[in-house]
Structures are given as C-alpha cells and as structure tokens.
Amino acid sequence: MNLSVEKIGKTGLTLLLAITAFVFWNNYYPAHLLYHEQYQLFLFDGAYLWERLSVPEGFADYIAEFLTQFYYHPWMGALILSFLLTAIQLLCWALVKKFGTLYIYYPLSFIPVFVLWHYLADENAMLSLAVAILIVLIAGNLYFLIKNTRLRLIYALGCIPVLYWLAGTIVYVFIGWVVLSILIEAYRTRTYFSPLFCSLGLIAWGILIPLVTAYFLQYPLLRLLRGLEYYRFPEVFPNIIYAIGLLLVLIPVVSSLFPLWNKRIGVIIEVVLVACWGYNYVKSGCDFSKEESMKYDWMVREKQWNEIIRMAESKTPTSPYSVTCLNLALGMTGQMGDRMFEFYQNGTEGLLAKYQRDFTSPLPTSEAFYYLGMINTAQRFTFEAMEAIPNFRKSTRCFKRLAETNLINGQYQVAAKYLHALSKTLFYKDWAEETLGYLGNEKKINAHPEWGWLRKARYTEDFLFSDREMDMMLGLLYQHNYQNKLAFEYLLAYVMQQRDIDKFMRYYPLGAHSDYDHIPKHYQELLVYVWTQTHNSWKGMPWSIYPDVMRDIMDFAKIFSTQSNAREYLKQRYGQTYWNYLLLN
Amino acid sequence: MKFLSIILSIVSMLVGCMSCTPSPENVLQADEPLLIYPDYKDVSIPVNIAPMNFLLRNEGVEALYVIVRAEKDSLEYKTRGNKVKFPMAKWKKLLESARGETLTVEVIARQRKGWKRFSNFNWQVMPDSIDPYITYRLIEPGYEVWNALQLVERNITNFEERVIADNKLCEERCMNCHIHGNNSGDLSLFHLRGKNGGTILNRNGELRLLDLKNNRMVSAAVYGDIHPGGRYGVFSSNIIIPSFHSYGNRRLEVFDTVSDLAIADFDKNEMLISPLTSDSTVLETFPTFSADGKYVYYCAAPNLPVPDSIREVRYSICRIGFDSRKGEWGSKVDTLWNAEEKQASVCLLKASPDGKYLLYTVADYGTFPIWHRETDLQMMDLETGRIDTLKMVNSNRSETYHSWSSNSRWFVFASKRGDGQYGRVYVAYIDKNGEVFKPFVIPQSDPENDDLNLKSYNIPDISATPVPFDAKKIQRFYRQHMPEQFK
C-alpha cells in the first residue's frame, strides 16, 4: 500500500469514528448525556478541587466532571465524547506502533474504543474511565519515547504512584505495557534475570501503592484495588472494565506478532470486520427504551409539554417513569381529562408514583408534586432522590429545585445555600444569581409567574401528608384553591386510575368551581357509564354529554354484553376510551 | 495526606506573601453595624477554645485589620478578603494570658470608600475550660434516606477532626449517634444498624458488639445513656413511625407507637425490665441516668392513637430509682414535670455531672424536636425544682441534642438557628450561680465552612478525652464480630 493511500485510509477511518461518535451521542443518545449532567454538581471552587484531588483517581474524576457539565448542551457533550474516543484511538495506535505492529493493523486500535463506547452507553458508566484511559495512554506513549533503559525504569517507577493518584487503577494497564515490553526485550536479548526482577518489582510496586493508600484513606481496600469512581455504584465494578484494560494491554503485544500482508482486499476485510463488530457491539450496549424515558424526563425539566405529547402520539410510552411525564404534560396543557386514556396507563404509579428509594424514579413524580403545589412533598422527593445518588454526588437539577421549593416556602437562608453553590457552576450561575435577587422579596416572588402561583396553590395549613390517601391530599389541595385546576384533574385522574367510581362521583361536582367550557371526554365516558348502569334512557341525565359519546357507549355495551370474544375488537375500537381502561384492561 | 497539606499550605503562604496585605490608613467610623458570621459578638468563651474565626458580611469588604486586646497582650490580624483566621499559637497565648478577662475586638475593614472602623465587641474569657472533644454524626438533614454517614470527633481546642466511624467502611449501614459515659473517651457507645449490627460498646478501648434486645423488648436499644459506673446502660426500645409535614419547614414528624425502657447489664449480658417503665398504656423514652447513677430520668406520655392524636401526645419528665449494686429498678415513679399542666412535651434529658441540673428540650408536642421550630432548651434545678427557660440560649429555631462538659460549667447543643435546616454545634457557659450566657457556634478553621457544608451536626456529645478507636478499627471489628446476645 503506498504511503498516501495508507495515510488517507487511516485519517479517513479516524474521521469516520469521530463523526459517527458525534452523530450517535448528539442524535441518538442525547438524553443519556443530560441524564449524566443532572447527577453531578461541578463547582469552580478550590475546596471542591481539593476534595477531588485528595483521593486516588480524583484528577480523572475532576476532569470528567468538568467535561460532563458541558452535557448541559448535548451537542457539546457529543463533541467531547467524540474527541475523547478519537484521542484514545489515536493514542492507542501510537502505542500499538511502539510494539512494532504493522500499519495494516490500524483498525485493531479501534477495538478498545468500541468496547469503551459500549461501556459509556450504560447510564451509570462514568466518564472518568475514559479520562483515566487517556491519561494512561499519554503516560504509556511517553514511556516508549524514552530510549535510555535506566531512565525508562525510573520514569515507570515514578509514574506508577502518580498515575494511580491521578487516574486510579487503570495504572495496571501502564504496568502491563511496561512489563510486557521489558519481557519482550528480554526474550529478544535472551537476558532474563534482571528483566524478570524489574517486572516483578514493578508489579509489586503497583500493588503496594493501593495498600499504602488504604492505610491512610478511609476506603475499603477492595475499592482502592479496583477503582473508586469508574462506575456510579461504588460497590459495582463491571467486568467490561477488566476487558477494556486487558484489550489495552494485549492488543499492542498480540498485534505485533501478526504477519505482513499486502493485499488491499485483506485490509478492507479487516476494516469491515472491525466496523461490523464495533457497530453490533456498541448497539448491544445501548438501551433505547431508557433513552426514551430519559428524554421524557428531560422534556419535563425543560417544560416542553407539547413536545412530550407529540412524542407520545408517535409512540405511546409504557414505563411508569415516562407515563408520569406524559400525564404531567397532559395536565399542564389542560388535556388530562380529555386525552389521558388515549395513551397507555399503568395505574396511579404513572400518575403520582409511590416513593422508591432510588435516585431516578422520584424525580418525575417530584415534578408533578411541584407543579401541583405540593411543595413540601416535591421537596422531599427531590431531596431523597439526591440523597440516593449512589456515588454520593450532589445534583444540579435537585439543587435548583430545592432552591425553588425553599424560596416558595420562604426558607430564604436554605435557598441561599443552594443558590450560592449553583452560582459556582457554569450553566446555572446566571439563574442562581438572578434567583438570589428574589430572596426575601415577597412582592417579587409573588409576582413571579410560577413561584407566585405555586405560593397560592400550596397548602397553607400544616398536616401530616399521607400518600396512602392521595385522593384526600389532592382534594384538600384543590379545596384550598379552586383555581388549581391541575389538582382537580389529578384528583379525578387518580380515582379513575384506581377504578374507584364512587369516589369519582363524589369528587366530580367539585369541578363546578373550575372554568371548564365542556365536560372533559374521559369524565363524560365515566358519567355515561354510570348513567347506563342505573337508567334505561338518557332522559333526565344532568350532564352535557357529546352525542358521539352516548352513541359509543351504547355500541360498546351492546358488543360487550352480546359477544363473548369481542375483547380484542373492543380494544381496537375503543382503546382510547376510559371504558377500555375500566373494563378491558 | 498531611504531607500534601503541608506542601499546599507552604504554597498558599508563598502566594499570600507575594501579594502584600494592606494596612489601614485614614480610618473613618463606619455608619453601618458590624455584620459578622458566626455571631460572636459579646460571648463568653472557654480559655481553651480554638481561634474564634469569623467572616465579615458587610458589603464590599476588600481587606481587614482586626485587633484583639487583652489587658497585657493583644493579637493583630491583617488579611485581604473578609475572613478572619487567627493564628493558632498567638491565639492560645493570648487566651492563656487573658484568663478571666474581657477581650475587646476591634474590626477595621477596607470597603470601596476606604477604611472603616466598626463598633467594638467583647469576648469574656472564662477561666473554666471546656472538655475538648465533641463527637457528632455528620448527616444530610433529610427524611428517610441516608447516604454518607460519619461519626466524627472534633477537638474544639483546635480544628482537628477525626472520623471515628464511617458507614462507607461498614457496608453502608445506618449509624446512630455516639454517646460518652462520664465524659470519657474510654466509655462510649453507638448503634450500627442492619443485619449483624448492634451496639458497639467501648470500655477502655475494648470494643464489643452487643445485640441489646431480648424477647420482651419491642426493638433493639434506641435512645440511651451509660451508667457512671460503666456496667449498665439504660435504653428505650421504640417502634418508630415517620411521617411528613405538608407545609412550612417542618419536614419530618417521627412518633412512637410503642416504647418502653430497659437497662442493659453489660457484664451479665442481660436486659433488666421493670413493669413500671414498660407499661403498654404509656410511652416511655429518652432515659438518662442521674449524675450519681441512683436514678433514671425519662420521658413518658400516654399512648394515644397516632398520627391522628399526634398533637395531643405530650411527654412528662419522670424519675425512677436504680440500684446499681443489685441491678434493680426502683419501685416508685415520680413525675417532675407534668406535660398536661405545661401543655408542652419534653424530650432528651441530660443531667449535669455535678448533679445539680437537668437540661432538656421542650416542644409543643411529640417526641421528635429537630424539625419543631418552637423547640427550646430548658433547665431544671434538681434541688429546688426551679425551671430556667434559658432565654439567653434559645432562638426561634430548634435547639436540642445537648451535652454537658465534665465540670458542669459548659454545655453544647445543636441548633438550627443559622438557616433553619442545617444543625450546628453551639456552646454555652453556665456560671456557679446557674446563670447562663449567650452561646456561640463552635469555631471552624474556615469560617465559611458553615455556609458551604451541607451536613447537619447531629447529637453533639462532649468528652474530656478522645475515644481510643477510629473508623478503620471499627471496620475491622465489625467485619470480625457477631453481636453478643442478651437475655
């Protein structure tokens, strides 16, 4: 292969990787980036930096958090990931070359990158691993630039503790390269004693460092030996991290053993094989159903109510997490009573889910509580979600919401605490500084379109909240302020989801206090259902029901009562009615 | 770590030296009041306290000149910015020379329009020392979920802080707060919850893991105290139900559906139970021994249906005898403070080591004062029965979780007076006549710490000596031991 073709080919493949990675994260997986961004609070603050640097792997973690904050704009996140993956591939190739691997095996340098990409597609995989790999690759390449054997050894000895502290246990990859290069050299020169001694010494040195660290730091030894921050759950260490490490160590050595061939077709086959495998492997690491849920959640954060509904219209969500977002969007746009049962519903869990001790599921529910005006409950769900973040990090999203709930509740000093922290961030600084101007200014808060309204909507009397009597909680909220139509819609939706017709009929008249220009469709469906259970004709029916609803219930009842195997047909024809939820699900 | 800290300190010192600190010139009298955090104006401080560092919160402060004057000595401090951080050695020397004197603190600050002199304030240096060590639990003031929990021992004569237990090292188990017996680091305990958990008892450095429960108790030991003799501990066993407030800053209400008392005999591994303190119609909780160990003080309330009647549940202060030689409960219960008469509820009783006073928390109702804004400390003179409402000590936020210094001249307590959410540790002086002085928050090396720290200081407990264990030792001990059973 001539030189220019080789160069173009290599550049082309690397460029293709960069572009593909950018397109993937920006177009197909952006909600994962936003998901990551919300579960950290990167502060431009000396104490914060010191806190990170005072533990092994802290530097990589700090850089990773610094970069992750840019995920606030997914295109920036995609750019960063594209850059990182590309840089890793290039550095990986630079290192592979040092072992004498032939240029035709350039595609092999993509293999660790695809495995890392697969890993990063996991929503709990932290970027610190990618940063750590980059650091160790730089250190590895520098090692091979040193020609003097003694200097190399001194460099390696010094590098091991530094790398352990900066990048964590990925240092073992560095030790792997150094030891293998020494052993290969020993094999070549047939001098074994000194290289073997050096190799064992380096391995022992690598093991000793975490052991010494364990003496000074309060971390379980196993975590210091495995890695602290590569995964969001500290107790979990996915096997794929071992695989990445092994690949990084073995690919340079193994590929150096491969023979030279000169057939272009062979290289093309190699490229195609690596690309096909890479595509499938990355794809197998992706979870697009989670991506969908995260997208719903993100749209709730951004108050993109109509976009949420549009997305659900094209594919109805089924997880309680997403359904909670959809129902909130329907409520916020005043469509809950008319459209809720057009979409899949999973009971009250898709409306106001019970608290689960994790860091994700309470957040959409806390959003619903917030917009309803149940400020204390929204605060509790938010606070508890943040407390449940497994790696003990704080959350920008939660801080923002906690500042708001405390501001609404008049707890200005607590709100200030959150706002002062947010004012040390890059993307929340302006908001925090503007919000600080609201603290203590009752007039300004009351005039704010959202906070002012929520102050009017929230409970103003204290009682113990009971999530086992959620309908009563919603009823009290609505009775406190009849302008709170969302509370009324949630109240009726809640009992409808419970299929509690008696309660619906008890609460329904409260709607007279709201400014409905028509009876929402699903309420009509329930009302006519109740009517037909007790009456033989429409005469005397007190509600204004659409004629087509009356006609439909008659048809539905006829088919339901006469055809024993009409369930599927009814589901198809009346799948978007409350009758479907009530009688067919 | 220490080495790294030294290097960083040297670097910051060098950087500090390079930027010269301005001196006051053309000083004018300030026409605004001095705003400092913490509120250290006119407080009484122990002679052995750490430097009382503070922040100046007046707007636009660029540089500071502070001089603390005693009769024969003085301490000058100049800095850029608004943080006053006195050097340790000079501070110690000043306090030692000013024992029993009043220090005058003069603050001159450079603002945009030049140097201003603010009104002076005073520090009364009390000759009585305070016990140096305070243990507390650092926890986010949340609801039900806990995350990182640490039991920490702080030396308040300097800024050293030591983690003595860390849930990260103990399978992320919940840890309850650490209490001392006899204000000694050689006698203490804390609960480690969860599977194979129990109460970790430290007696002279010997650790034991105890399952303080028998089949007559409704739960393992919860709130408690250690007998001055060290052989016994008195505990409540409670079925605790949390509930959440819908409005305002009262987050959490916790109430008991059942609660009784039991005394643990640590030598015989036996729980001693009396029908008088395990009455199913009465909720008994928060027991503590008298200074001489001859009585158990505790809180008691009629067992009403909760949560419906939670606002009617009010705890009185009761007392029952205890014979430590025989290991027997007394046969008579006295009510020292009647909740129905007072229309209030008491919890967390602590007798002063000199046996003179009983310090306790009073709320409108219930048994969980942290989120009750109205919660205040009160003190009963056990000889005369006189009650001091401690107006000088209390604020409009919760004050609770108090602990006496061994000389009975100081007590520490947790208060949410700062921002209403994050508890901080305050210290108050009580003279030999029982007069109590304005409290102050324990000083921090960086006075901004209280602003930035997102943890509450939970149940501060004070001791004359440090505990002889650390988090690593607790980790090893917990891993290697199964709880000892009690009958």
* **Neighbourhood net charge (10 Å Cβ-Cβ; Lys/Arg +1, Asp/Glu -1) for B:P439** => 0
* With a sphere of radius 15 Å drawn around the Cβ of A:S564, what net charge do the other residues whose Cβ falls strictly inside it have (Lys, Arg +1; Asp, Glu -1)? -> +2
* Structure fact -> As a percent rounded to 5, the proportion of antiparallel DSSP bridges among beta bridges in the protein assembly as shown is 95 percent
* Please list the helices of chain B that count as membrane-span-like by this rule: a mean Kyte-Doolittle hydropathy of at least 0.0 together with Cα atoms stretching 15 Å or more along the helix axis, each helix being a complete DSSP H run. => B:2-18
* **Value in Å of the Kirkwood radius, where the protein assembly as shown supplies the Cα pairs that are averaged** => 33.3 Å
* **segment A:315-445 - charge dipole about Cα centre, Lys and Arg +1 at Cβ, Asp and Glu -1, debye rounded to 20** => 340 debye
* Asked: Rounded to whole Å and sorted largest first, what semi-axes of the equivalent ellipsoid does the C-alpha gyration tensor of chain A yield via the square root of 5 times each eigenvalue?
  -> 58, 30, 18
* Asked: Order of A:V5, B:V313 from fewest to most other C-beta atoms within 10 Å?
  -> A:V5, B:V313
* Structure fact -> With B:N176 itself left out, Lys, Arg at +1 and Asp, Glu at -1 over residues whose Cβ is under 11 Å from its Cβ give +3
* Per-residue mean of other chain beta-carbon atoms within 10 angstrom of the beta-carbon, peptide A:375-381? -> 4
* To do: Report the convex hull volume per residue for segment A:220-261, counting only C-alpha atoms, in Å³.
  => 79 Å³
* Asked: For the protein assembly as shown, with the dipole built from +1 on Lys and Arg beta-carbon atoms and -1 on Asp and Glu ones, taken about the Cα centre, which of A:V495, A:Y418, A:L260 lies farthest toward the positive end?
  -> A:L260
* Structure fact -> Where a ≥ b ≥ c are root eigenvalues of the Cα gyration tensor, a/c under 1.5 meaning rounded, otherwise prolate if a/b exceeds b/c and oblate otherwise, segment A:3-286 counts as oblate
* Reachable lysines, given that their alpha-carbon falls under 18 Å from the alpha-carbon of A:K424 and they are not under 8 places away in the same chain -> A:K394, A:K400
* Asked: How many angstrom lie between the C-alpha centres of segment A:546-562 and segment B:218-261?
  -> 59 Å
* **Semi-axes of the equivalent ellipsoid for segment A:128-168, Cα gyration tensor, largest first, Å** => 20, 11, 4
* **Distant alpha-carbon pairs in segment B:192-308 (separation over 18 angstrom), percent** => 55 percent
* Selection of chymotrypsin sites (Phe, Trp or Tyr not before Pro), segment B:169-257, meeting DSSP coil and at most 16 other Cβ within 10 Å -> B:Y247
* To do: Within 10 Å of each residue's Cβ, count the other Cβ atoms and sort B:L252, A:L326 from fewest upward.
  => B:L252, A:L326
* Structure fact -> Helix-only [θ] at 222 nm, chain B, -39500 (n - 2.57) per DSSP H run of 4+, per residue, nearest 500, equals -2500 deg cm²/dmol
* Exactly which trypsin sites (Lys or Arg not before Pro) in segment B:230-270 are in a DSSP loop and have at most 14 other Cβ atoms within 10 Å? -> B:K268
* Asked: Assuming R0 = 45 Å, what is the FRET efficiency of B:K432 and B:K342, from their Cβ-Cβ distance, to the nearest 0.05?
  -> 0.95
* Asked: Which angle between 0 and 90 degrees, to the nearest 10, do you get for helix A:171-189 versus the longest principal axis of chain A when only C-alpha atoms count?
  -> 30 degrees
* Structure fact -> Expressed in µm² per second, the diffusion coefficient of segment B:278-369 from the Stokes-Einstein equation, with Rh the Kirkwood radius over alpha carbon pairs, at 4 °C and 1.567 mPa s, is 95 µm²/s
* Structure fact -> Only helices counted: for chain A, with every DSSP H run of 4 or more residues adding -39500 (n - 2.57) and the sum spread over all residues, [θ] at 222 nm is -21000 deg cm²/dmol
* Measure of compaction for segment B:133-484 (Cα Rg per 2.2 N^0.38 Å) -> 0.92
* **Rounded D (µm²/s) - segment A:89-160, Kirkwood Rh over Cα pairs, Stokes-Einstein at 37 °C, 0.692 mPa s** => 241 µm²/s
* Asked: If segment A:514-585 were replaced by its equivalent ellipsoid, with semi-axes equal to the square roots of 5 times the Cα gyration tensor eigenvalues, what would those be, largest first, whole Å?
  -> 22, 15, 9
* Asked: Rounded, prolate or oblate: which fits segment A:175-271 when a ≥ b ≥ c are the square roots of the eigenvalues of the alpha-carbon gyration tensor, with rounded for a/c under 1.5 and prolate only if a/b beats b/c?
  -> oblate
* Rounded, prolate or oblate: pick one for segment B:308-433, where a ≥ b ≥ c are the square roots of the eigenvalues of its C-alpha gyration tensor, a/c under 1.5 means rounded, and failing that, prolate if a/b is larger than b/c, else oblate. => oblate
* Structure fact -> For the table B:K93/B:K438; A:K417/A:K485; A:K97/A:K147; B:K41/B:K90, the rows whose alpha-carbon distance is greater than 27 Å are A:K417/A:K485
* **Stokes-Einstein D in µm²/s, Kirkwood radius over Cα pairs - segment B:88-244 at 37 °C with 0.692 mPa s viscosity** => 170 µm²/s
* Asked: Mean 1/r over all different Cα pairs, inverted: what Kirkwood radius does segment A:35-174 give, in Å?
  -> 16.1 Å
* Asked: For segment A:134-139, what does the Karplus curve 6.51 cos²θ - 1.76 cosθ + 1.60, with θ = phi - 60°, yield as ³J(HN,Hα) per residue in whole Hz, taken in order and with x for Gly and Pro?
  -> 4, 4, 6, 5, 4, 4
* Highest mean first, what order results for B:31-42, A:170-181, B:340-351 on Cβ atoms within 10 Å? -> A:170-181, B:340-351, B:31-42
* Among A:C325, B:C170, A:C159, A:C286, rank each residue by its count of other Cβ atoms within 10 Å, from fewest to most, as a rough exposure measure. => A:C286, A:C159, B:C170, A:C325
* To do: Calculate how large, on average over all directions, the projected area of the Cα convex hull of segment B:27-126 is; give the answer in nm² to one decimal.
  => 5.6 nm²
* To do: Express the C-alpha Rg of segment A:139-211 as a ratio against the empirical globular expectation 2.2 N^0.38 Å, rounded to two decimals.
  => 1.05
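Every number in this text was worked out from the coordinates using simple rules, so none of it is lab data. Keep in mind the model is a prediction, meaning the values are calculated, not measured. So basically every Cβ, Gly included, is an ideal-geometry build from the backbone, and we count neighbours across all protein chains shown.
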